[in-house]
Structure formats: structure tokens, C-alpha cells
Amino acid sequence: MRRWRGSVGRTLRSGCRSGLALSLLLFPLTANAQPERRAALDTFNAANAAYSAGNYRTAAPLYEQVVAALPDQPIAYLYLGNCYDHMSLDAPRGSQQLIDLLKKAEAAYKTGADKMLATNTPAATRNAVTILEMQAGLYAPDRLHDTATAIAVTQHLIRLNPSDPAYEFTLATLEENVENYDAAESALAKALELKPNDAHTLADVAGHYWDIAAHGRRLTYTRETAYLQKGMAFADNALALDAQNADATAYKSQLLREQAALETDRKRKDALNKEADAWAAKAKALRAK
């Protein structure tokens, strides 16, 4: 099995991040608010305190009460989902307990993102992006193991952030993981369209081509060689823009070593490995600066 690389998924840590204040309500309560809503706000504050202290098992049922009483507060779904996300980290791998917790996190994330996007405001959209990024992390092989849904969520993120190449790279990685290389190349091409003259972007593309060539299980010699040649071209283009780019330097070394592995002529193989060693040493020196 290919390794799962480049997931955008993440979980919030205790406290606040990305402008998401735990005490924030999307629609603040007023002095004339109904007693039920005021009671729900007290519960929300108690949930926030438990969450900030890392007591996710205490916070989760409190957030469940909040979303039931205040369905117009999608921020609560974010933290509810994140509670289950955190709790899943302690569940045995492959267990039903793990699956159940991840499914609860998924349901909360989905609802929260939908409700955020329905408000159609820039701030809510940014919060929805955060939720979708966390949702994407649920589908890794050691979690829900659902690449198709991870791809669908990433495509949603691309629609919300069409100018950010990071999501195109994530999509490329997901497609590589299932060896759908034509789709992966399409995503890489879109990333390049967004930043065509950026050394870091070119280096990342080179790295993806190395990864395809090095880990593709069903590649023919001809196709693997073509991917290595493409990767080398992008590494060279990156270095032409920035000769000190450590990533491009490292990928060039790896691409050369992969070419050496395919080479049948002993002298040519030794020469490629020697050149790879030189580029690896240079990458190490650049990263030590």
C-alpha cells in the first residue's frame, strides 16, 4: 500500500486558533434573549471551559446540548466534532469505538460546515474551510480509510479557495495514493497555473513526480522513466529560479537515485548514484544553514 501523504486534516488544540474564539457566538444573545437561550449560553461557556482544559469527554455532551438548543450557532458543531476527533486518538486502532467516534466527528463537521456556508459571509466561509480541513483528516487509512470522500472534501475546499495551490497538491497526493496518476497530473498542472514561476511550487511538483515514480506499483518502465524525466525538469526549473532551494535540491538527488535504480549499465548506474550523493550532500548543507 502506498503511504498516505499530504492530508489537510487537522484538529484544534485547546484554546483558540484561526480567529475562532471559544466564546464567540455567530448570533450574539441580547438582554431580551429567552431564558432557554441564556441557559444554553451557560452550557456553551461550560463546554468551552472543559474544552480549553482538554477535557473532551466532559465537553462533548455539553456541546451536544448546545447544538440541540441553539441550532443557529454552527461554531458549536466545530468544537463538538473536534471533541470526538480528539477522543478518537485514544481509541484502539481499527476498533468499533474508533469508528463510532470518527463518525460522530464527521457528522458534526458536516453539519457545522453546511450551516457556516449557508450564512454566506466571509468570516463564516473561513470557519467552514477550517471545519472541512479537519473533516478531511478523518479519512486517512488508519481512521475511516475513505479516499473517495477525502477527495470530495478536498475538491470542495478547492471550490472555496480556487487561488490556493495547496489544495491542488493535496488532491494530487490523494489521487496518487490510489494510483490515479492522470488525475494527479491534472491537479499538479492546476497548481502550476496558480504559481507558474515559483521555485517552491516547482519543487513540490518535482517531488510529486518522484513519489509517483518511486512508489507506483503498476508502472511500466517507459511510464516510470517519463515521470522521472518530468520530475527532473521541474527540479531543474526550480533550481534555475532559486539555486539554494533545499527541496528542489533534495528531490533532484532522489530522482537521480531512482534513475540509477532503473539503469542496467553499471558505469551509468554508478555515475547516477555519485551525482545523487552530491546533490543529497548539498541539500543537507542547505538545510543546516
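Things worth noting here:
- The angle separating the long axis of helix 266-288 from the principal Cα axis of greatest extent in the chain is about 40 degrees.
- Residue by residue, the stretch 128-138 carries 3J(HN,Hα) couplings of 5, 4, 4, 4, 5, 4, 5, 4, 4, x, 6 Hz when phi is fed to the Karplus relation 6.51 cos²θ - 1.76 cosθ + 1.60 (θ = phi - 60°); x denotes Gly or Pro.
- With Cα atoms, 0 to 90° folded angle of helix 147-160 axis to the chain main axis: 80 degrees
- Cα centroid separation, the stretch 266-289 to the stretch 190-243 (Å): 18 Å
- Residue-normalised convex hull volume from the C-alpha trace of the stretch 34-73: 49 Å³ per residue.
- Top of LEU171, LEU138, LEU256 by mean-square fluctuation, Gaussian network on the chain, Cα under 10 Å: LEU256
- GNM on the chain, alpha-carbon springs under 10 angstrom: the most fluctuating residue among ALA246, ALA128, ALA68 is ALA68.
- 222 nm mean residue ellipticity, helices alone, for the chain (DSSP H n ≥ 4; -39,500 (n - 2.57); rounded to 500): -23500 deg cm²/dmol
- The ranking of VAL66, VAL178 from fewest to most other beta carbons within 10 Å of each one's beta carbon is VAL178, VAL66.
- Extension gain for THR225 to ASP90 (0.36 nm times residue separation, less C-alpha to C-alpha distance): 44.3 nm.
- Which of ARG126, ARG287 has the fewest Cβ neighbours within 10 Å, and the rest in rising order: ARG287, ARG126
- FRET E, pair LEU286, GLU193, Förster distance 35 Å, beta-carbon r, rounded to 0.05: 0.80
- Between ARG159 and THR125, the simple label model (points 7 Å from Cα in the Cβ direction) yields a spacing of 1.3 nm.
- Cα centroid separation, the stretch 108-151 to the stretch 59-102 (Å): 14 Å
- Counted by neighbouring Cβ atoms within 10 Å, the residues LYS267, LYS104 run from fewest to most as LYS267, LYS104.
- Note on the chain: dipole from Cβ charges, positive end direction compared against TYR209, ALA285, ALA243; the farthest Cα belongs to ALA285.
- Two-decimal ratio, the stretch 184-230, of alpha-carbon radius of gyration to 2.2 N^0.38 Å: 1.18
- Rounded, prolate or oblate (a/c below 1.5 giving rounded, otherwise prolate when a/b exceeds b/c) for the stretch 162-289 by Cα gyration tensor: oblate
- Enclosed volume per residue, in Å³, of the convex hull spanned by Cα atoms of the stretch 161-210: 60 Å³
- Vicinal HN-Hα couplings computed from phi for the stretch 249-264 (Karplus, 6.51 cos²θ - 1.76 cosθ + 1.60; Hz; Gly/Pro x): 5, 5, 5, 4, 4, 5, 5, 5, 5, 5, 4, 5, 5, 8, 6, 9
- Here the stretch 230-289 has an Rg and Dmax of 11.7, 37 Å, counting Cα atoms alone.
- Counting lysine pairs in the chain whose alpha carbons fall under 28 angstrom apart, excluding pairs fewer than 8 residues apart on the same chain, gives 29.
- Theoretical gain in end-to-end length, ASP265 to ALA49 [0.36 nm per residue, Cα-Cα removed]: 71.1 nm
- Fraction of alpha-carbon pairs over 28 Å apart in the chain - percent: 49 percent
- Nearest-20 debye value, the chain charge dipole, Cβ charges on Lys, Arg, Asp, Glu: 580 debye
None of the figures in this text is laboratory data; all of them are computed from the coordinates on show. Because the structure is predicted, anything quoted here is derived from the model rather than measured. Here Cβ is always computed from backbone atoms with ideal geometry, including for glycine, and neighbour counts include all displayed protein chains.
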